[in-house]
Amino acid sequence: MDNAFWTVERVAEFLVLKPNTIRQIAPEGRSPSYKIDSQWRFDAQQVRPWLESHSIHARAALSQQDRSGA
C-alpha cells in the first residue's frame, strides 16, 4: 500500500464508488476509518480485509446505493 492512511477520495477510487458514498459509510462505523478534525482517513492496510470480510450482498448493496446517487 502506498500510504498508511488513505483519503475519502483514494478509498472511493479503490472501491470504485463515489466519495459521497464513502462519506456516508464512514460515520456509521462500517469501515476502518478515523475522523481527524473534519476529515476522514482510512487505514490502508485494513481497507481490503474490510471489503473481503463483507458478503457479496453487502458489496452489491453499496454498489446499488452508489448507482442510485445516494
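Read-outs: derived from the displayed coordinates by stated rules, not from any lab. Computed from a predicted model, the values in this text were never measured in an experiment. Using ideal geometry, Cβ is built from the backbone for each residue, glycine included, and neighbour counts are taken over all protein chains shown.
Quick look at the values:
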| quantity | calculated |
| --- | --- |
| Net charge contributed by nearby residues that have their C-beta within less than 11 Å of Ser33 (K/R +1, D/E -1) | +2 |
| Long-range amide H partners of Phe5 with built H, under 5 Å | Ala44 |
| Karplus-derived 3J(HN,Hα), 6.51/-1.76/1.60, for each residue of region 37-44, Hz, glycine and proline x | 6, 10, 10, 8, 10, 10, 5, 4 |
| Calculated FRET value between Tyr34 and Arg67, using beta carbons and R₀ = 25 Å, to 0.05 | 0.35 |
